[in-house]
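Data first, discussion second: the structure below is written as structure tokens.
The values are calculated or read from the model by the stated rules, or taken from the named source; none is laboratory data. Fair warning: this is a prediction, and the values are worked out from it, not measured in the lab. Here the Cβ positions follow ideal geometry from the backbone for every residue, glycine too, while neighbour counts run over all protein chains shown.
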Amino acid sequence: MASETAPQKTRVALVADLFCGAGGSSTGARRALASLGFQMNLVAVNHWNIAIETHSRNHPEARHYCQDVNSVKPAVLVPEGKLDLLMASPTCTYHSRARGGKPINDQGRMDPWAIVHWCTDLRVRRLLVENVPEFVDWGPLDLRTGRPIKRRRGEYFRAWTAALQGAGFKLDWRVLNAADFGDATTRERFFLMARSDKRVHWPDPTHSRSGEADLLGHGRHKWRAAREIIDWSIEGKSIFNRKRPLSRKTIARIYAGAVKFRWPEPFLVILRNHMDAQSLDEPLPTLCASGTHIGLAEPFLLNRHGDNGAVRAHHIDDPVPTADCRGAGYLCEPFTANLAHAGADLSRCRAIDEPLQTLHAGGLSHALVKPSLCRARVEAVRARSTSRCRG
């Protein structure tokens with residue numbers, strides 16, 4: 001009679017997630033450990049009760065502590081006295097340049113030192129720290145202005161990494177682009193990996209902008225497109241129904257994107273001052289907490305039969321407005337007009353995806369006509385020269 005095979009004992013990894021937030025790092029660790037055949041025993045710490053409540057819903061099996069990471073006693077929260085993995089995402093607000101140079105204080109930038117406390121109070125085998133790329137410039141502030149002292153840039157960061165090395169860690173850090181590892185976003189973040197038992201090894205990127213092979217000949221996939229992760233069934237808010245009209249610069253970026261990405265193809269509008277329009281065939285840029293920095297631009301109709309002659313925007317997914325003998329309205333998309341012939345001969349206008357007609361030596365034989373706004377108003381949106389473009 002064949003003997004029964006003894007059941008394999010489940011391997012357990014003890015993990016702590018400091019500044020745990022909603023649990024993104026915890027979810028990644030759980031998936032990675034599961035792929036290696038481990039079950040995760042998780043300790044989650046955050047000072048904000050909303051974060052702990054959210055994390056507990058995403059990871060109900062974890063041991064949750066709503067306490068200040070800087071003041072807790074690690075040995076009390078982790079009586080086992082050791083960790084297989086310590087993850088930490090210290091507060092990045094006071095390191096990021098997204099603050100626009102606003103005055104700050106040193107106390108708000110001290111969270112990373114709590115990691116050293118955990119690494120000296122407990123026996124930690126592996127450490128993973130995530131932050132904004134500007135974290136490597138962490139240094140002292142000018143007491144008068146509250147801004148970093150340029151000549152002492154990175155001073156605190158070097159002291160912090162030296163403290164980790166003094167605790168027995170072999171460490172390395174890099175700034176990685178999420179798109180290079182299969183996410184549909186070009187979010188860049190600082191990552192530090194450290195080990196007390198072996199040297200650090202980084203994973204190879206799996207994707208690249210154009211999908212070409214790396215220097216060693218290893219093939220990579222092309223970056224994932226934003227269109228892959230957009231839920232097209234969710235109805236967005238029109239820019240024409242805003243209580244506060246968009247600024248002239250924002251409208252200019254929208255129209256620049258319309259020309260660049262061949263309207264009426266939809267595209268993204270980046271509503272930050274340092275960016276403009278972006279194709280849906282590229283990954284999303286970094287998503288901020290407010291979620292209001294990216295807009296989706298789609299083609300629309302202008303209904304010519306508004307009150308007092310006003311021309312109103314009309315979504316192309318809605319039925320066409322009432323059409324009379326003059327037509328229903330205008331579809332806003334660019335075209336090229338031939339200026340070499342007198343008169344408004346619309347038969348000589350062509351779509352921008354068609355070849356140009358013969359160019360004359362003068363160089364002024366054609367013009368690009370695109371929709372533009374005379375006023376950024378909610379109640380009435382008029383398009384220039386629409387009387388010449390009967391729909």
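Values for this structure:
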read-out: Selected residue (only one of Arg109, Arg99 is touching a His at 6+ places or on another chain (Cβ under 7 Å) and modelled with pLDDT under 95); value: Arg109
read-out: Any hit, region 127-135, residues being surrounded by 14 or more Cβ atoms within 10 Å (Cβ to Cβ) and either touching a Pro at 6+ places or on another chain (Cβ under 7 Å) or not assigned by TED's automatic domain parsing to the domain that holds Phe19 (or both); value: yes
read-out: Qualifying residue in region 90-98 (condition: closer than 27 Å to Leu164 by Cα, within 23 Å of the chain's Cα centre (by Cα) and aromatic (Phe, Trp, Tyr)); value: yes
read-out: Index of the failed condition, Val132 passing every other in (1) touching a Cys at 6+ places or on another chain (Cβ under 6 Å); (2) modelled with pLDDT of 95 or more; (3) not basic (Lys, Arg); value: (2)
read-out: Number of the condition not met by Val69 [criteria: (1) in a loop (DSSP other than H, G, I, E, B); (2) surrounded by fewer than 20 Cβ atoms within 10 Å (Cβ to Cβ)]; value: (2)
read-out: Residue check for Ala32: of a type in the set (Gly, Ala, Ser), modelled with pLDDT of 95 or more and in the same structural domain as Ala178 (by TED's automatic domain parsing); value: yes
read-out: Yes/no for Asp172 being at pLDDT 95 or above, touching a helix residue (DSSP H, G or I) at 6+ places or on another chain (Cβ under 6 Å) and surrounded by 13 or more Cβ atoms within 10 Å (Cβ to Cβ); value: no
read-out: Flag if Gly154 is in contact (Cβ under 8 Å) with a residue 12 or more places away in the chain, touching an Asp or Glu at 6+ places or on another chain (Cβ under 8 Å) and farther than 18 Å from Asp17 by Cβ; value: yes
read-out: Within region 145-169, tally of residues that are closer than 13 Å to Ile104 by Cβ and exposed (fewer than 15 other Cβ atoms within 10 Å of the Cβ); value: 4
read-out: Qualifying residue in region 197-218 (condition: surrounded by 14 or more Cβ atoms within 10 Å (Cβ to Cβ), aromatic (Phe, Trp, Tyr) and not assigned by TED's automatic domain parsing to the domain that holds Leu268); value: no
read-out: Among (1) modelled with pLDDT of 80 or more; (2) part of a helix (DSSP H, G or I) - the single one Thr250 does not satisfy; value: (1)
